[in-house]
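The structure appears below as structure tokens.
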Amino acid sequence: KKQRIDQDRLVNRFFPAELQERKLNKIINQYAELLDYNDATVNRTHAQLKKFPAILKIKPANHSVLATMIVSKRSFGHYVNTKHVEDILNIVDIGKKIINVCNIVGISQRSTPETAIPHFLSLLGFPYKYNRHFKRLYIKSRRQNGSIGSDTLMALVLWKFYQANKKRTSRKKVHLEEIAKLTYTSVSSLKGYIDGSNHAKCTLF
């Protein structure tokens, strides 16, 4: 065992790049397992880190790797709630790292929730053709309600859209609790905006 340790130290000393690659692979694989991210997300994360090495200069590096994975996951149209990720991994402020990664990669962080629109509408029973109409409503609402978090606003727009188009959905009934669960938001917070209680304001209601 001691001989094996000495060999590993020797390899690490003379091949630092290989050591760095192994550490990086370990971090990515651990996060992928904990968050149940697929191979496509893992591969895109590797590609982004290779193409934009400046990402790993954002400390701590493991959080920058995680932020890159989230950006990669969203790029496939999957919804990722950062608060949910923080709760699973017991970390804070991953959103700031995501913004940094987006700036380096050259994409808009504000646009990333839009990639989840087809997924949400499908779960609510709406055909694909309604995606464009919903996206226009979401973008307009975002301009008019800049103080509302993107996850909360997405939930509110989903509820408003469902209420206005419930006859066009294949679902018999959609409850606010389901939308809150989909977007990892609070039912009480959403109701505060919907009914105007607690001085919460939203132009949708």
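Can you pull out every residue in region 78-99 that is open to solvent by 60 Å² or more (accessible area, probe 1.4 Å) and either part of a helix (DSSP H, G or I) or more than 23 Å from residue 123 (Cβ to Cβ) (or both)? Steps first, answer last, please.
At the first step, the residues of region 78-99 found to be open to solvent by 60 Å² or more (accessible area, probe 1.4 Å) are 78, 83-84, 87-88, 90, 92-93, 96, 99.
Selection gives 83, 84, 87, 88, 90, 92, 93, 96, 99.
Which condition number does residue 107 fail, the rest of (1) without any contact (Cβ under 8 Å) to a residue 24 or more places away in the chain; (2) open to solvent by 40 Å² or more (accessible area, probe 1.4 Å) being met?
Among (1) without any contact (Cβ under 8 Å) to a residue 24 or more places away in the chain; (2) open to solvent by 40 Å² or more (accessible area, probe 1.4 Å), the lone unmet condition for residue 107 is (1).
So, in region 19-72, how many residues would count as being in contact (Cβ under 8 Å) with a residue 12 or more places away in the chain, assigned to a loop (DSSP other than H, G, I, E, B) and more than 17 Å from residue 93 (Cβ to Cβ)?
Number satisfying all stated conditions: 2.
Taking residue 60 as meeting all but one of (1) in contact with a Phe, Trp or Tyr (Cβ under 6 Å, 6 or more places away or on another chain); (2) open to solvent by 20 Å² or more (accessible area, probe 1.4 Å), write down the number of the exception.
It is condition (1) that residue 60 fails.
To keep it simple, each residue is scored yes or no on (1) within 19 Å of residue 120 (Cα to Cα); (2) open to solvent by 60 Å² or more (accessible area, probe 1.4 Å).
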{"residue": "33", "(1), (2)": "no, yes"}
{"residue": "38", "(1), (2)": "no, yes"}
{"residue": "51", "(1), (2)": "no, yes"}
{"residue": "54", "(1), (2)": "no, no"}
{"residue": "67", "(1), (2)": "no, no"}
{"residue": "76", "(1), (2)": "yes, yes"}
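I need every pair where a residue in region 132-156 that is without any contact (Cβ under 8 Å) to a residue 40 or more places away in the chain and over 21 Å from residue 178 (Cβ atoms) has its Cβ under 8 Å from the Cβ of a residue that is basic (Lys, Arg) and surrounded by fewer than 19 Cβ atoms within 10 Å (Cβ to Cβ), sequence separation at least 6 or different chains.
142/110
Can you tell me which residue among 173, 167 is in a loop (DSSP other than H, G, I, E, B), modelled with pLDDT of 90 or more, over 30 Å from residue 96 (Cβ atoms) and open to solvent by 50 Å² or more (accessible area, probe 1.4 Å)? Write out each step before concluding.
Details: 167 fails: in a loop (DSSP other than H, G, I, E, B).
The match here is 173.
From 126, 120, grab the single residue that is in a helix (DSSP H, G or I), touching a Phe, Trp or Tyr at 6+ places or on another chain (Cβ under 9 Å), open to solvent by less than 30 Å² (accessible area, probe 1.4 Å) and of a type in the set (Phe, Trp, Tyr). Lay out the reasoning, then the answer.
Working: 126 fails: in a helix (DSSP H, G or I).
Exactly one residue qualifies, and that residue is 120.
The values are calculated or read from the model by the stated rules, or taken from the named source; none is laboratory data. Bear in mind that the values here come from a model prediction, so they are computed numbers and not experimental data. FYI the Cβ positions are ideal-geometry reconstructions off the backbone, even for glycines, and counts take in every protein chain you see. When the accessible area is computed, the model is the full protein with side chains, heavy atoms only, and any ligands, DNA or RNA have been set aside. Shrake-Rupley method; radii C 1.70, N 1.55, O 1.52, S 1.80 Å.
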